[in-house]
Amino acid sequence: MKRMFTSLILVLFTCSLVLAAVPAGYVMAKVMEIQSSDTSALDLRLTLIEPNGQMRERRIQTLSQTKEGLTSSLTVFLSPENVRNTRFLSIEQQGGRTEQWIYLPALKRSRRIGSSEEGGSFMGSDFSYSDMASTTYDEKEADHLLLDEDATSWRIQSTPFAQKTYGKTITVVEKATYLPLRVEFYDLDGKTLVKTLVTEETDTVEGKPITKILTMKTEASGHATRLEMLQTRFDIPLSSGYFTLKFLETGRL
């Protein structure tokens, strides 16, 4: 009986070590896997929130397509009138590069987003051009470290190998869904908190867990941007023609 009890304790101890040894890189890879799809079409409400509480709404549609592990996305502003038909194209390249262009209907021309603009605000929001391109979830892009965990979530620090906009991020990942519940973005010094992204509501679409409402807040100014998923569709037929400079500039396939 004593031998059986000792063996049981050893088994339970070994299992607890295995459960506690979930690598941070594995968790972040699962975050990407859960959120990935061959194609997606999102109808979004984007709300700019001033520190005094004043709000301005914009409606946008985002299409994305992933081929051979590389993602292209197109964002089209539907309203209000002063930004209607503004289009933004992001194309991930081999080697971790992302090329981006924006079409401004008032000027009737497109321009490429330069590397010096990556930290700039995307259309007056709290998301930067860099935020529209990278995740730092891939182990090829960042070093991941498990800071701590509890019964429901992990807290993981990610330090990108190529530090362009942020020195590190700290992400709280829900264990049940592998959805990020909170992301803190730190300056290149790795100490100054620049922005915080908070998931306010989650949902499930066709068995797939998704973030339905999230808010990005700039700490220094108190300005915030809320994104609400109004309609979400995954793995639907999409023409590759959407993800071209021709469509960006003409709005036609």
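The values are calculated or read from the model by the stated rules, or taken from the named source; none is laboratory data. Note that the structure is a prediction, hence the values are computed from the model and not measured. No Cβ is skipped: glycine too gets one built from the backbone with ideal geometry, and neighbour counts run over all protein chains shown. Just the protein is used for accessible areas: all its heavy atoms, side chains included, with ligands, DNA and RNA removed. Shrake-Rupley method; radii C 1.70, N 1.55, O 1.52, S 1.80 Å.
Quick notes
- Segment Glu33-Thr250, extension gain: residue separation times 0.36 nm, minus the distance between their alpha carbons: 74.8 nm
- Sequence-distant contacts, meaning Cα pairs under 8 Å at least 6 residues apart, place the relative contact order of the range 137-253 at 12 percent.
- Labels on offer are [x] 20.6, 83; [y] 21.7, 80; [z] 16.6, 53, and the one holding Rg and Dmax of the Cα atoms in Å computed from this structure is [x].
- Alpha-carbon centroids, the range 151-199 and the range 218-242: separation in whole Å: 19
- The residues of the chain expose on average 56 square angstrom of accessible surface per residue, using a 1.4 Å probe on protein heavy atoms.
- Entries of Lys208/Lys246; Lys140/Lys212; Lys67/Lys208; Lys175/Lys212 with Cα pairs more than 26 Å apart: Lys208/Lys246; Lys140/Lys212
- Cut-off 11 Å, label 7 Å out along Cα→Cβ of Val22, residues of the range 166-196 by amide N: 173-179
- With the simple spin-label model, which puts each label point 7 Å out from Cα in the Cβ direction, the Asp43 to Phe161 separation comes to 4.1 nm.
- Full-stretch length increase - Leu78, Ala151 - with 0.36 nm per residue and alpha-carbon distance subtracted: 22.1 nm
- Neighbour net charge for Glu200 - beta-carbon separation under 10 angstrom, K R +1, D E -1: 0
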